[in-house]
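> There's a structure below that I have some questions on.
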Amino acid sequence: MEEAGAKPRKGVSCLCGICNNRKAALKRPKTLQQICRECFYEVFEEEIHQVIVKNHLFRPGERIAVGASGGKDSTVLAYVLSELNRRHNYGLDLFLLSVDEGITGYRDDSLETVKRNEIQYGLPLQIVSYKDLYGWTMDEIVKMIGLKNNCTFCGVFRRQALDRGAALLKVDKLATGHNADDMAETVLLNILRGDIARLSRCTAIITGEDGPIPRCKPFKYTYEKEIVMYAYFKKLDYFSTECIYSPNAYRGFAREFIKDLERIRPRAILDIIKSGEDFRISTSTKMPEQGTCERCGYISSQKWCKACVLLEGLNRGLPKLGIGRSRGLDNEAEKREMKGRSSDGQTRSIESKQCGTLDF
């Protein structure tokens, strides 16, 4: 029996800071509050529910595609949306939408996880592939261009592939698993790049309302560490390997900086998002005008969308075409190279594969 006033022994758990009943099992990364698992599940799900309600992300009867990669973010998003849809009677028809980029040893394995999620959550699955849409896999693209700039191709193609998959499903919105860490990283990246156009809209919780399929981010204020904790404690089935082609991605450096800030001050992530929300673009700043691609009909501020430009470069044997701001079809060196390649039959015809097989 311990004497009165004696200090508690090391290893003795404190009580949950919310219910004051059960023993604390974890410290929330966002608030540093020590809470039990049950209360963590409750506050985690309730915060996401409040984000959905306050921002009017969904309407009853809507068809919603959940972008599913098999990773922690999309797996937790699919699970939580399924739970909240039943609990709060959102009245949504949910679907899983996956993109097969054609990365051997990575995407083929993660898609097996998504297929299991389809059965576990009872959600129909639609898979679209780069090979079917563009005639190329990422393995083939990397073989041609190397590991530099490969993320540019993948990011542009994936965004359009998701929209095309969503159109196939005839959904009203696409929900993605972008979390608070992702949002903060994007704010920093757009500042570092001087990308005013993207900076003005990168913190919006709903984007693309003027495009074919609006997108929403229910995890906008949800910390990545808490998503990992939720998936771990709930024993969700997800794929945890990083893409084999992304170790040198520019975003990775911003991610490390955000992690350093979080260790010093956890609230820094939300503060960066808030700063991005409060940015005001000068009225004298010339913004790109939204239009449609003359070739495939996809949204674009240029005559051709970025995907069509990149795809033309690949098909003509000029993979650097469209990379950077100064590249274009009038580059004389590229024209000469294209002519030389065409003469020896090593170049694919530009008409061999259009940018996507589904017109908007």
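The values are calculated or read from the model by the stated rules, or taken from the named source; none is laboratory data. Here the structure is a predicted model, which means the values were calculated and not measured. Areas reflect the complete protein model, heavy atoms only, side chains present, ligands, DNA and RNA absent. Shrake-Rupley method; radii C 1.70, N 1.55, O 1.52, S 1.80 Å.
> Averaged over all directions, how much area does the convex hull of the C-alpha atoms of region 51-140 cover when projected, in nm²? Provide the component values of the computation, followed by the final result.
Numbers: hull surface 25.8 nm².
With the hull built on Cα positions only, its mean projection is 6.4 nm².
> Another question, then. 5 Å is the cut-off here: which amide hydrogens, built 1.01 Å from N in the peptide plane, fall below it relative to LEU94, excluding neighbours closer than 5 in sequence?
Residues meeting the criterion, in which the H sits 1.01 Å from N, are ILE64.
> With just the Cα atoms of region 37-84, tell me how far they stretch along each of the three principal axes, in Å, largest first.
Taking the Cα atoms of region 37-84, the three principal extents are 32, 27, 15 Å.
> Let a ≥ b ≥ c be the square roots of the eigenvalues of the Cα gyration tensor of region 173-262; is it rounded (a/c under 1.5), or, if not, prolate (a/b larger than b/c) or oblate? Intermediate values should be presented prior to the final figure.
Numbers: a/c = 1.77, a/b = 1.19, b/c = 1.48.
Here region 173-262 falls in the oblate category.
> Determine how large the accessible area of ASP93 is when every protein chain is in place; take a 1.4 Å probe and give Å² rounded to the nearest 10.
80 Å²
> Could you work out the mean projected area of the convex hull around the alpha carbons of region 4-120, in square nanometres to one decimal? Intermediate values should be presented prior to the final figure.
On the way: hull surface 43.5 nm².
It is 10.9 nm².
> Could you give the C-alpha radius of gyration of region 91-198 expressed as a fraction of 2.2 N^0.38 Å, taking N as the number of residues it contains? Numbers along the way, then the final one.
On the way: Rg = 15.7 Å, N = 108, 2.2 N^0.38 = 13.0 Å.
Normalised Cα radius of gyration, region 91-198: 1.21.
> Whole-Hz Karplus ³J(HN,Hα) for region 126-136, in order, using 6.51 cos²θ - 1.76 cosθ + 1.60 and θ = phi - 60°, x for Gly and Pro?
Once rounded to whole Hz, the list reads 10, 10, 10, 10, 4, 4, 6, 7, 10, x, 9.
> Another one. With respect to the cross-link table entries LYS131/LYS320; LYS234/LYS259; LYS217/LYS320; LYS30/LYS115; LYS143/LYS173; LYS30/LYS170, which display a Cα-Cα separation exceeding 27 Å? Display every interim value, and only then the final one.
On the way: LYS131/LYS320 20 Å; LYS234/LYS259 24 Å; LYS217/LYS320 32 Å; LYS30/LYS115 32 Å; LYS143/LYS173 35 Å; LYS30/LYS170 37 Å.
Check vs 27 Å cut-off fails for LYS217/LYS320; LYS30/LYS115; LYS143/LYS173; LYS30/LYS170.
> Related question: Would you please give the residues with an amide H less than 5 Å from that of GLN33, counting only those at least 5 places away or on a separate chain, with H modeled from the backbone geometry?
HN-HN under 5 Å from GLN33: ARG28.
> Something else now. Out of all DSSP beta bridges with both ends in region 1-134, state the antiparallel percent to the nearest 5. All intermediate terms of the calculation are to be shown ahead of the outcome.
On the way: 3 of 13 bridges.
Here the share of antiparallel DSSP bridges comes out near 25 percent.
> Please list, in order along region 107-124, the HN-Hα scalar couplings obtained from phi with the Karplus expression 6.51 cos²θ - 1.76 cosθ + 1.60 (θ = phi - 60°), rounded to whole Hz, x for Gly and Pro.
6, 4, 6, 5, 5, 5, 5, 4, 5, 5, 4, 4, 6, 5, 9, x, 10, x
> Let me ask something else about it. Residue by residue, what Karplus-based ³J(HN,Hα) values in Hz, rounded to whole numbers, does region 45-58 have, using 6.51, -1.76 and 1.60 with θ = phi - 60° and x for Gly and Pro?
Once rounded to whole Hz, the list reads 5, 5, 4, 5, 4, 5, 4, 5, 5, 5, 9, 6, 5, 10.
> Also, quick follow-up: Rolling a 1.4 angstrom probe over the protein heavy atoms, how many square angstrom per residue are accessible across region 1-152?
Values: 8030 Å² over 152 residues.
Per-residue value: 53 Å².
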